[in-house]
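**Q** I'd like to ask some things about the structure below.
The values are calculated or read from the model by the stated rules, or taken from the named source; none is laboratory data. Only a predicted model underlies this, so the values are computations on that prediction, with no experimental measurement involved. Reconstructed Cβ throughout: ideal geometry from the backbone, glycine too, with neighbour counts over all protein chains shown.
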Amino acid sequence: MTTATAHAPRRTGVGILPVGRVARAWARNLTKEYGTGATAVTALDDVDVDLEEGRLTAIMGPSGSGKSTLMHCLAGLDRPTSGTVVVGDHDVTRMRQRHLTQLRRTGLGFVFQSFNLVPTLTAEENITLPLDIARERVDRAWFDEVVEAVGLRDRLSHRPGELSGGQQQRVACARALVTRPALVLADEPTGNLDSRSAGEVLGFLRRSVDELGQTVAMVTHDPRAASYAHRVLFLADGRLADVLENPTAETVLERLGALTAGTSPAAVTA
Amino acid sequence: MRRIALRDIRAHLGRTALAVLAVALGVAFVAGTFSFRTLLSTTFDAVISTSAAGDAYVRGAATTSGTDVVSGSSSTVHASVPAALADVLADAPGVAHARPEPTGLLTLFGADGTVVTTGGAPTIATPFPADDTRYPYLTGRAPSGPAEIALEEHTAARSGLTTGSTTTVVLAGEIREVTVSGVLSFDGPLAGALVVGLDPAVALETLAPDGLVPQIAVEAAPGVSQDELRDTLAAALAATDVPGASAAEAVTGDTVRGETRAQIDDQIGFLQIFLLGFAGVSLAVATFLIANAFSMQVRQRRRELALLRALGASPGQVLGSVLVQALVVGVVGSVVGVALGTGLAAGIGAIFSATGTELSGSVVPTWPTILLAVAVGVVVSVVGALLPARRAALVAPVEAMREDTPSERGLRVRGAIGAVLVALGVAGVVVASTVSEARWQDLLGAADGEAAGMGGAVLAASAVALVVGVLVLAPVLARPVVTVLAWPSVVLARPLGALARGNVVRQPRRTAATAGALTIGMVLVSASAVLAASASTSMRNVVESDLKADLMVSGFPGVPSGAIDAVAALPEVGALDPVSAGLTSVAGVEGAQWAFDMPRELPRRSIEIHVVDGTLDALDRGEALVLESAATANGWEVGDTLTLGTAASPVAGADGAVTVRVGAVVESRAFGGSFFLPQDLFADVTVPATRDIAVAFLGVAPGTSVEQMRDAVTPAVTAYGAVSVQDADDLADSLAAQVNQMLTIVYAMLALSILIAVLGIVNTLALSVVERRREISLLRAVGLGRLQLASVVGIESVLTAVFGTALGVAVGVGGSSALPTVMADMGLTDLVVPWGQIGVLVVLAAVVGVVAALWPAIRASRVPVLEGLASE
């Protein structure tokens, strides 16, 4: 396994953090092409991004902008055509399948849009599943803290079928956090939820950053969801188009409007 | 719609192939059975025309035929005719030759000094007349005088003897040194029978010492038809005053060949029923698999079918499209099955040939066989697909918009029906295991013998109820039973065991349907295992408790009288009780009856004869001792008078019939037959050709050990060929070996149903892998390794297989617990459950599970981690 420094090599670009702020995970010159020759499609085109430690970063962009591809490359679920991805101390792009599997057990946490839970296991079993797979002991104190934070104490023995959509996503969040991963990746975590449930899940993700000190990256196309983040990365046509710090729903919407209008602002808003 | 159905088959070739294979295996068994029958029939047709080549035959007019109650064999007893009649017949007009055909069995020693045998086929001694020019001698000439024999071509090859060789034969119980005078060729096959020719005079003297022969073969002069010949023979018989002529009849050669043919067909038919039984089991299992395969396909295609419905397809059209697929599967599977079955029959034929029974007939299936097999395959496929097709037709158009597979319907009604059936079955088994035959008789107020088999009928019905009930109830049982079975894996392989258990109990109907195929097979296997173990132990107990003699000598065919004389002359032998057996007939009773002649000292020193009613002294008064099973079957009681046929006139009640009083009803498990007769009476009433010394019991002389006697007896009888010397242990072992041999055949047959069951598990797992792609991706995303994933699928498979086996074993063992009561009169006294063997079955099921999981597990581990989880 290749180890890399937690600090990204210095370079300038919209996605790269200024000096003094620490990246928990980063990608440099990330390019992903699907297919070859005339039919080749470039999903990511030389992207540089940093995901700041102890912060919630949102990744936005229109359909086909490459935001999910970026997330899959960050997670080691997909191999980039070229470029480097480092999560914590691990160079994901150079890891073998077996090590990636091990990384997914405890180094990364996932929350997907839907179908996050194994239907035959209870909520508690689902939460501890990555630890059970890794055959690691459950840290009860941390477990309790996480469960308390998601507010599911009285739902632990229920099966997914007996939980509401919002509750299911909160269980998924708890599962993503229970291993204290270097990075939690959430792929449209509120895409299938009503606005109240979505608010609960997003509030929890933000709290996990503010109170529990986790690092979270979230792909979304919902400006309201993005407004929960500390920082928003905008992708368009496989390139990093823009970055917004301390967003609100309005500013996000504004930037998105600008992106879809095809006029990419030159300045980086600080 | 038809195009969609056919495209779908192409799109899911893997699953379609599984269903086709299942049909093919089931059909192969049916086609194979019939092909094998064709093979046997065509072979025996040739054999019959070789061995019964006469244009007409003269034989005893009357016959007694039927199925023997005790031995189960079909016996036809013809009256014998005096050999002297041949001289009269030879003078009749249109007759070229009339030859008496005394036929018997002999033992032939080959060039290497060992007994020449083939796969159970006897060595036949028959006259080879010197003036019979129909069959050419390859070398040498016809035998002449008592010191010469001739050999049929194949027999010569097998024995290694050639013209001029000297060897030993055991004929009419005596050892003879003989020279091979020639080797003759029949122009047809003999299905492995060995044929030794004798000088006709010697044959008459040794094989028909009383001057009576089974038949006289007559050859027509040129230009005389079989019918004309028969009529002139009948006229000649009517005109002569030679004794026995009036009781003889003339028949054409074709009649004799037809009768022989019918008898053989009867026996083949029995074999065929047996084989078809297994084919039925295989097909039932195959139907299960097909139903499963289609219901899974339908479930998988739900959204597609819903889309079709939304686009305006009627339920009928959807139903039709699924049935078209079933039809294709049925036809293709059947065609493959017919080919497989023909190969199967040819393979069995080759095995027979390799063991010495030349089956030279054709295995090419006849058109009716092909049509039947295809019809069976198609019907099974369509029936299997019917329910799933109906479900497909009822898919609502809105399903297309819904996510995920719908949950299974409630199991309450099904559970209730299953529970009632199981309860009835259990009650029936309890009744069958506690109510004895005598009690049935009281309960039903039936006459003697009428309640026989009542227990068996109740048990059979209960067994069916139990099996069907358990299959119906299985989905309800799945959760608790699998939870218990999964416990070790849940504890040992966290969290894989729990994941696997969850998957198995998630869809109890599917689990039950998949396991059902194994359940059916395992019910039969475990019941057979219990039956065999119980039978072995019962026989061992009988041998140990009833056999008083130190050694017993037995042989095939019978023990030569010379061997008995040799043994009697040994100083080590203190007691010798030879028991002869022969067939006779009883007035008013269908079928020939086995009679034994009982040496006076037999019950005292050789073998226990249990008296049920009357006393053993009755034998001294010239009365019969009737065996209990025959007494029960025929309603014979002490004091009754039986009318027996005689050798010259084997039809009971005809002229010269003999009567005997029933002096006692006795029981002895060592003898399967009808009665013991006083020695002189035995000689009068049994047919000479069927009479043999079945067994001789030996006791040591004072001051001699059993081992010493054995060392003396063995060489004395070995000279007579196939004669064995056994003590109680040997006997029990050889009986147990016979039972186990039967069991091996049953296992081999059931292996096929287990094979089909494996296909079923493969099918179910493959489908559930497809259905659970997203869940599998999720598990992989949170860090489940490929091997771990494969283990989950493996554990699932093992759990399903062991679940099916556990149900099957429970029903099989439970049901067979009633066997000792039901089969008490067949000598089954002890119930023995061979837990070791049953443990092996369960382990085997686990192995089956692992094997079945291989392919689906590989498929599962190839599911990409991303599948279905991405938002774009």
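**Q** Do any residues in the range B:724-737 that are in contact (Cβ under 8 Å) with a residue 60 or more places away in the chain have Cβ atoms under 8 Å from those of residues that are surrounded by 18 or more Cβ atoms within 10 Å (Cβ to Cβ) and in a loop (DSSP other than H, G, I, E, B), where the two are at least six apart or on different chains, and which pairs are they?
**A** B:727/B:550
**Q** Identify all residues within the range A:221-245 that are assigned to a loop (DSSP other than H, G, I, E, B) and modelled with pLDDT under 90; write none if there are none.
**A** Across the range A:221-245, the qualifying residues are A:221, A:222, A:237, A:238.
**Q** Has the range B:455-465 got any residue that is under 23 Å from residue B:411 (Cβ atoms), within 14 Å of another protein chain (Cβ to nearest Cβ) and either at pLDDT 85 or above or assigned to a helix (DSSP H, G or I) (or both)?
**A** No - not one qualifying residue is present in the range B:455-465.
**Q** Would you check if residue A:184 is at pLDDT 90 or above, in contact with a Cys (Cβ under 9 Å, 6 or more places away or on another chain) and within 14 Å of chain B (Cβ to nearest Cβ)?
**A** yes
**Q** Find the helices (runs of 4 or more DSSP H) located wholly in the range A:50-168 whose residues include 2 or more that are within 12 Å of chain B (Cβ to nearest Cβ), and list them.
**A** Values: elements: A:67-74, A:97-106, A:123-134, A:140-150.
In the range A:50-168, A:67-74, A:97-106, A:123-134 are the helices (runs of 4 or more DSSP H) which contain 2 or more residues that are within 12 Å of chain B (Cβ to nearest Cβ).
**Q** Within the range B:116-126, is even one residue at pLDDT 85 or above and assigned by TED's automatic domain parsing to the domain that holds residue B:176?
**A** So far as the range B:116-126 goes, yes, one or more of its residues are at pLDDT 85 or above and assigned by TED's automatic domain parsing to the domain that holds residue B:176.
**Q** What residue, among those in the range B:769-778 that are more than 7 Å from every other protein chain (Cβ to nearest Cβ) and over 18 Å from residue B:854 (Cβ atoms), is modelled with the lowest pLDDT? Lay out the reasoning, then the answer.
**A** Let us first name the residues in the range B:769-778 that are more than 7 Å from every other protein chain (Cβ to nearest Cβ), namely B:769-773, B:776-777.
Those left that are additionally over 18 Å from residue B:854 (Cβ atoms): B:771, B:773, B:777.
On the way: B:771: 75, B:773: 79, B:777: 84.
Filtering the range B:769-778 for residues that are more than 7 Å from every other protein chain (Cβ to nearest Cβ) and over 18 Å from residue B:854 (Cβ atoms), the one modelled with the lowest pLDDT comes out as B:771.
**Q** Suppose the filter is at pLDDT 80 or above, in contact with a helix residue (DSSP H, G or I) (Cβ under 7 Å, 6 or more places away or on another chain) and closer than 30 Å to residue B:521 by Cβ; does residue B:736 pass it? Give the steps one after another, and end with the answer.
**A** Numbers: at pLDDT 80 or above: yes; in contact with a helix residue (DSSP H, G or I) (Cβ under 7 Å, 6 or more places away or on another chain): yes; closer than 30 Å to residue B:521 by Cβ: yes.
Yes; evaluated as a whole, the condition is true for this residue.
**Q** State all residues of the range B:273-292 that are closer than 15 Å to residue B:755 by Cα and either free of Cβ contacts under 8 Å to residues at least 60 places away in the same chain or of a type in the set (Gly, Ala, Ser) (or both); if no residue qualifies, say none.
**A** Selection gives B:279, B:280, B:282, B:284, B:286.
**Q** Output the number of the condition that residue B:535 fails; it satisfies all remaining conditions of (1) more than 24 Å from the chain's Cα centre (by Cα); (2) assigned to a helix (DSSP H, G or I); (3) buried (at least 19 other Cβ atoms within 10 Å of the Cβ).
**A** Failing condition for residue B:535: (1).
Table: residues versus (1) buried (at least 24 other Cβ atoms within 10 Å of the Cβ); (2) polar (S, T, N, Q); (3) not assigned by TED's automatic domain parsing to the domain that holds residue B:470.
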{"position": "B:721", "(1), (2), (3)": "no, no, yes"}
{"position": "B:743", "(1), (2), (3)": "no, no, no"}
{"position": "B:780", "(1), (2), (3)": "yes, no, no"}
{"position": "B:817", "(1), (2), (3)": "no, yes, no"}
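**Q** Still on this model: Give me a count of the residues in the range B:682-718 that are hydroxyl-bearing (Ser, Thr, Tyr) and without any contact (Cβ under 8 Å) to a residue 60 or more places away in the chain.
**A** Of the residues in that region, 3 qualify.
**Q** Residues in the range B:477-491 that are loosely packed, with under 12 Cβ neighbours inside 10 Å and of a type outside the set (Val, Ile, Thr): how many? Give the derivation first.
**A** Residues of the range B:477-491 that are loosely packed, with under 12 Cβ neighbours inside 10 Å, as a first pass: B:480, B:484, B:488, B:491.
Next, only the ones that are of a type outside the set (Val, Ile, Thr) stay: B:480, B:488.
Qualifying residue count for the region: 2.
**Q** Quick check on residue B:785: is it more than 38 Å from the chain's Cα centre (by Cα) and either at pLDDT 80 or above or of a type in the set (Asp, Glu) (or both)?
**A** Yes, satisfied.
**Q** Which pairs have Cβ atoms under 8 Å, sit 6 or more apart or on different chains, and link a residue in the range B:501-515 that is more than 10 Å from every other protein chain (Cβ to nearest Cβ) and in contact (Cβ under 8 Å) with a residue 24 or more places away in the chain to one that is in a helix (DSSP H, G or I) and among the basic types (Lys, Arg)?
**A** B:508/B:479
**Q** Please note which helices (runs of 4 or more DSSP H) are completely contained in the range B:772-839 and include at least 2 residues that are of a type in the set (D, E, K, R).
**A** In the range B:772-839, the matching helices (runs of 4 or more DSSP H) lie at B:773-781, B:786-816.
**Q** Residues B:849, B:839: which one is of a type outside the set (A, V, I, L, M, F, W, C), closer than 30 Å to residue B:775 by Cβ and over 22 Å from the mean Cα position of the chain (by Cα)? Before you say what the answer is, go through the steps one by one.
**A** Numbers: B:839 fails: closer than 30 Å to residue B:775 by Cβ.
It is B:849.
**Q** Continuing with the same structure: Of (1) without any contact (Cβ under 8 Å) to a residue 40 or more places away in the chain; (2) under 17 Å from the mean Cα position of the chain (by Cα); (3) crowded, with 19+ Cβ neighbours inside 10 Å, residue A:174 satisfies all except one. Which?
**A** Exception for residue A:174: condition (1).
**Q** State which residue is nearest to residue B:281 (Cα to Cα) when the search covers only the range B:732-749 and only residues that are of a type in the set (Ser, Thr, Tyr) and within 13 Å of the chain's Cα centre (by Cα).
**A** Of everything passing the filter in the range B:732-749, B:747 is nearest to residue B:281 (Cα to Cα).
**Q** With respect to residue B:289, determine if the residue is touching a Leu at 6+ places or on another chain (Cβ under 8 Å) and under 22 Å from residue B:517 (Cα atoms).
**A** Criteria met by residue B:289.
**Q** Please go through the range B:521-531 and pick out each residue that is of a type in the set (A, V, I, L, M) and surrounded by fewer than 24 Cβ atoms within 10 Å (Cβ to Cβ).
**A** Correct list: B:524, B:527, B:531.
**Q** Report the residue count in the range B:784-811 for those that are surrounded by fewer than 24 Cβ atoms within 10 Å (Cβ to Cβ) and within 12 Å of another protein chain (Cβ to nearest Cβ).
**A** 6
**Q** Just to verify a result, which residue in the range A:10-51, among those that are in contact with a Ser or Thr (Cβ under 7 Å, 6 or more places away or on another chain) and basic (Lys, Arg), is nearest to residue A:80 (Cα to Cα)?
**A** Taking the candidates together, the pick is A:32.
**Q** Moving to a separate point now. Would you list the strands (runs of 3 or more DSSP E) that sit entirely within the range B:191-263 and hold 1 or more residues that are under 19 Å from residue B:54 (Cα atoms) and touching a Lys or Arg at 6+ places or on another chain (Cβ under 6 Å)?
**A** Filter on the range B:191-263 gives B:215-220, B:248-252.
**Q** Please list, ordered by first then second residue, the pairs with beta carbon atoms under 8 Å, 6 or more apart or interchain, first in the range B:481-500 and within 14 Å of chain A (Cβ to nearest Cβ), second part of a helix (DSSP H, G or I) and aromatic (Phe, Trp, Tyr).
**A** Taking only residues 6 or more apart or on different chains, the pairs are B:482/B:803.
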